[in-house]
Amino acid sequence: MSAASRRLAVKLGAALGATFLTAGFAGAATFPDHPVTLLVPFPAGGSTDMLAREMGAKLQEKWGKTVLVDNRPGATGTLGTSMVKRAAPDGYTLLVSSLGPFVIAPHLLKNVQYDALKDIDLLTVAIQAPNVLVVPASSPMKTVKDVVDALKKSPGKVSFASSGNGSSDHLTAELFWLQTGTSGLHVPYKGGSPAITDLIGAQVDASFQNVNAVLPHIQSGKLRALAVTGDKRSGVLPNVPTLSESGIKGADVYSWQGVAAPKGLPPALRAQIQQALVAALHDPALKQKFADIGIEIVANTADQAQTFQKAEYARWKQVIETRKITAD
């Protein structure tokens, strides 16, 4: 190739590169020009749905375009997550989900239709909240030590309610048993509400529930809080110790929700959406509303979120395999 030909090739390459770069920024600059869907892979009414609706309202204000919440429950959250995997990577379909589909369900279910670490692009961990170990108000168990003593006295008989197989509250109980060398009786329900109802009625002995779900019942005296699972005390339960303070190490757990997109978003658009999500989550009114029920805003970067996801993915894989947990 002659020197003139090489110079022409370089100029053409630079022009094409500039064209693609401009097109990428132009796409981000015009986003969104029609409604955006926040797909929630769970029924309406739960913590994840609440996050999507509160955050969606702030995004709608910022973007000046409709933001829809689409509830697509089924298969422990993997049905809706699979739909997001198949959606176009154009920013118009985003996943708002709890940790289950990101780090738990892939180890529990056969034939999950996505690779959680490769097919879904986690843009931010939006919020987190500890679980809280609660017992009925009438329970003789008044401390974590009482619970451990009861488990050791009657292996496999102290009942722990959960919102379902593979849920955060279920796996927290499994981790608690693992770290204390005990075993209890897992009683799965179809959702948190019926589990909490039976707990209040003393039909079951204990449960690790999301703090925001049981806070009103703790405050009204219907349930007794024995410990929170975070690495620090909860702002809404300042007098309740952590599990670590109660002598149980290695059982720090947060229930968390993240926002993700199908893999392949153009970099400029990906950055724009992530920044919009963080701005929405840091809205003072939204932050206060969540803080009042014990939920912390995380709103981290995509790199931080994905590093965290990988650690959580490995952690729950180990717990599930060690405890031989199934989704049946």
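The values are calculated or read from the model by the stated rules, or taken from the named source; none is laboratory data. Nothing here was measured: the structure is a model prediction, and the numbers come from that model. Note that we place each Cβ from the backbone using ideal geometry, even for glycine, and neighbour counts take in every protein chain shown. Heads up: the accessible areas ignore ligands, DNA and RNA and are worked out on the full protein's heavy atoms, side chains in. Shrake-Rupley method; radii C 1.70, N 1.55, O 1.52, S 1.80 Å.
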*From the cross-link list Lys65/Lys317; Lys289/Lys317; Lys157/Lys190, which pairs have alpha carbons spaced over 30 Å apart?*
Lys65/Lys317; Lys289/Lys317
*Could I get the Rg over Rh figure for segment 53-153? Both from C-alpha atoms, Rh via Kirkwood, rounded to two places.*
1.14
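On the accessible surface of the chain, probed at 1.4 Å, how many percent belong to carbon and sulfur atoms? Walk me through the intermediate numbers first.
On the way: 8220 of 14820 Å².
Here it works out to 55 percent.
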*Which shape class, rounded, prolate or oblate, goes with segment 176-241 when its Cα gyration tensor gives a ≥ b ≥ c as root eigenvalues, a/c under 1.5 marks rounded, and past that a/b bigger than b/c marks prolate?*
oblate
*Principal axis dimensions, largest first and in whole angstrom, of segment 189-279 by Cα*: 52, 31, 23
*Keeping all protein chains in position, work out how much accessible area Ser163 exposes to a 1.4 Å probe, and write it in Å² to the nearest 10.*
40
*Taking the Cα centre of the chain as the origin and placing charges on Cβ (Lys, Arg +1; Asp, Glu -1), which of Ala88, Pro266, His217 is farthest toward the positive end of the dipole?*
Pro266
*What is segment 130-201 by shape, rounded, prolate or oblate, if you read a ≥ b ≥ c off the alpha carbon gyration tensor as root eigenvalues and call it rounded for a/c under 1.5, prolate for a/b larger than b/c, and oblate otherwise?*
oblate
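With a cap of 14 neighbouring Cβ atoms within 10 Å, and only residues DSSP puts in a loop, list the trypsin sites (Lys or Arg not before Pro) found in segment 122-226. Working shown, then result.
Numbers: sites: Lys142, Lys145, Lys152, Lys153, Lys157, Lys190, Lys222, Arg224; in loops: Lys142, Lys157, Lys190, Lys222.
In loop regions of segment 122-226 (DSSP not H, G, I, E or B), the sparsely surrounded trypsin sites (Lys or Arg not before Pro) are Lys142, Lys157, Lys190.
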*Using a 1.4 Å probe, what is the accessible area per residue for segment 16-171, in Å²?*
42
*By how many degrees, 0 to 90 and rounded to 10, does the Cα axis of helix 267-281 deviate from the longest principal axis of the chain?*
40
_Gap separating the Cα centres of segment 72-124 and segment 24-70, nearest whole Å_ = 17
*Fraction in percent of alpha-carbon pairs per bin - 5 Å, segment 253-325*: 3, 12, 20, 19, 16, 14, 9, 5, 1
*Acute angle (nearest 10 degrees) that the helix 302-322 long axis makes with the longest principal axis of the chain, alpha-carbon atoms*: 40
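Under the 0.36 nm per residue contour assumption, what length would be gained going from the current alpha-carbon distance of Asp303 and Arg86 to full extension? If you can, show how the numbers build up before the last one.
Numbers: separation 217, 0.36 × 217 = 78.12 nm, distance 2.26 nm.
Fully extending the segment from Asp303 to Arg86 adds 75.9 nm.
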*asked:* Just to be sure I understand the model, the point goes 7 Å from the Cα along the line to the Cβ. What's the resulting Gln203 to Lys62 distance in nm?
replied: 4.2
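Please get the size of the charge dipole for the chain, origin at its Cα centre, with Cβ charges of +1 on Lys and Arg and -1 on Asp and Glu, quoted in debye to the nearest 20.
Values: 32 positive and 25 negative charges, 115 e Å.
Dipole of the chain, to the nearest 20 debye: 560 debye.
Report, to two decimal places, the Cα Rg of segment 100-170 normalised by 2.2 N^0.38 Å (N = number of residues).
After normalising by residue count via 2.2 N^0.38 Å, the value is 1.55.
Per residue, how many Å² of accessible area does segment 227-312 show with a 1.4 Å probe? Before the final figure, lay out each step's value.
Working: 3720 Å² over 86 residues.
I get 43 Å² per residue for this part.
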*asked:* I'd like the orientation of helix 47-63 relative to the chain: the angle between its Cα long axis and the longest Cα principal axis, in ° from 0 to 90, rounded to 10.
replied: 30
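Give me the Kirkwood hydrodynamic radius of the chain in Å, from all C-alpha pairs, to one decimal place?
Details: mean 1/r = 0.0473 Å⁻¹.
Result for the chain, one decimal place: 21.2 Å.
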*Return the aspartates and glutamates within reach of Lys287: Cα separation strictly under 12 angstrom, same-chain partners fewer than 8 residues apart disregarded; answer none if there are no such residues.*
Glu54, Glu296
*Quickly work out the Gln288-to-Asp149 label distance, labels modelled 7 Å from Cα along the C-beta direction, and quote it in nm with one decimal.*
4.5
